[in-house]
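Worksheet: the structure to be examined is printed underneath.
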Amino acid sequence: MQISRMSRLAGLALGVLLVLGGTAAAQQATRPASFAPLAKELTPAVVNISTTKEVEGPESPFSQLPEGHPLRRFFDEFMGPQQRQSRKMSSLGSGFIIDDSGFIVTNHHVVKQATDVTVILHDDTRLQADIVGSDPKTDLAVLKVDTERDLTAVSWGDSEAAQVGDWTLAIGNPFGLGGSVTAGIISARGRDINAGPYSRFIQTDTAINRGNSGGPLFNMDGEVIGVNTAILSPSGGSVGVGFALPSRVARPIVAELRRTGDVVRGWLGVTVQPVTQKLAEGLELPQEDGAIIGSVAEGGPAARAGLESGDVIVAMDGEPVRDSSQLAWRVSQTDPGETVDVTIYRNGERRIVSVELGRLDEDGGEASARADAEQAARALGVKLAAPEPQVLEEFDLPRGVRGAVVVSVMRGGPAASRGIRPGDVIARVGRQEVRGPEDVYGYVAEALKQGADGIVALIRRDGRAQFVSLPLADPERRGG
């Protein structure tokens, strides 16, 4: 009896070992024996990009404090007035060839304001490049080089087919070293890193560092499934948290930039925020999906169609709207002049409203301002909202609050490093009183243009107020 039981246990153990062994063998079979063949094939299509731009010298954030402030007096007394001087600044990034006629994809922030762009091929051949087009909203740019050399081009892959856990390969120019290959896996999909309304990123642990910006993220078929754009790092170096713009987003934008040098987007004329559980309960919504309209641009498409602040958009042309980012993307991919059916909830009732979309950079006249706002949000590492009733309720703020409400803070970003948290209210920036997010974004955008590395803001929290010196993220921290 005992022997029979022992035999059964031994057989069971052997079966478990066989299963585990089979699983291990299957896992081993899915791992590439070497990335060398793929790296050898793809490296000639990846380029290094060197740019030169002229910028004004920085101004200390202390000089923005009110007259008489102790820190301002200390700065003026011991440091003296700062004189702004124009200087040339060089930067490095990466790119990849998408057509053997010389078209190259990179990041907008790699070539922004560049007066000279040089493309360096894998064999160190240097070619002058022209900027065909650039799109700040998705941080993409297309370059063109003219050469009689044979160029190696790569093709786009399907980022939607990529799964968490899939192997990926990145090739780029980290720290100016050139031709560096790193491998890893997809860590997550659909990441929101406060990089504008159109971008949910692929997160990867493939090592991405400064200089990798604009380089390709490949799948194991050698196809580009992402454009390496940003890193999350307290030190500025890779900690295994990198972000790539999915090819689903990049491919149509690159095609339009290549064709016309510009991107034409539909415009709805609203500001929106996502629906949270608390807001869904307070507004008596049957679901937590959708986008709440915070404000409606006067004379814009939404206003002409009768949409109002407080309406909750839950579908567009019959397709559900998951959140504010998805709404922004779908509107941007719809041609101006087209009429769309927007499904909303208003006062507990479901309605369908037809809206003829406008053109973002014409009807709204806001393309540049919105680009500045997105850049400013990234530089601060926060998302801001107007003190609308829904926002005040969400963060238990009293009515009558004036300023810009912090609704989210990027982990590891500049604002987080100074203890800023959701629910804080930015009441002033420098000497300027804040009436809404646009005041903060505009101020920061101007500070960035002038080369400032920080601003001073008056933060209100729990009935108290204090000045805080907020650093501004270096665009290089984005990975390139």
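Laid out as a table, the results:
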{"quantity": "Sole residue being part of a helix (DSSP H, G or I) and either under 29 Å from residue 213 (Cβ atoms) or over 18 Å from the mean Cα position of the chain (by Cα) (or both), chosen from 448, 397, 384", "calculated": "448"}
{"quantity": "First in the range 448-462 and closer than 21 Å to residue 436 by Cβ, second anywhere and in a strand (DSSP E or B) and aromatic (Phe, Trp, Tyr), Cβ under 8 Å, 6 or more apart", "calculated": "456/467; 457/467; 458/467; 459/467"}
{"quantity": "Residue 462 more than 20 Å from the chain's Cα centre (by Cα), buried (at least 21 other Cβ atoms within 10 Å of the Cβ) and charged (D, E, K, R)", "calculated": "no"}
{"quantity": "Of all residues making up the range 168-194, the number that are within 16 Å of residue 247 (Cβ to Cβ) and either surrounded by 19 or more Cβ atoms within 10 Å (Cβ to Cβ) or not charged (D, E, K, R) (or both)", "calculated": "6"}
{"quantity": "Helices (runs of 4 or more DSSP H) lying entirely in the range 260-370 (those with 2 or more residues that are modelled with pLDDT of 90 or more and surrounded by 21 or more Cβ atoms within 10 Å (Cβ to Cβ))", "calculated": "301-305, 324-332"}
{"quantity": "Boolean, residue 440 is within 20 Å of the chain's Cα centre (by Cα) and outside any loop (DSSP other than H, G, I, E, B)", "calculated": "yes"}
{"quantity": "Which numbered condition residue 145 fails, given (1) surrounded by 13 or more Cβ atoms within 10 Å (Cβ to Cβ); (2) under 25 Å from residue 205 (Cα atoms)", "calculated": "(2)"}
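The values are calculated or read from the model by the stated rules, or taken from the named source; none is laboratory data. Worth saying up front: this structure is predicted, and the values here are computed from it rather than measured. Note that we place each Cβ from the backbone using ideal geometry, even for glycine, and neighbour counts take in every protein chain shown.
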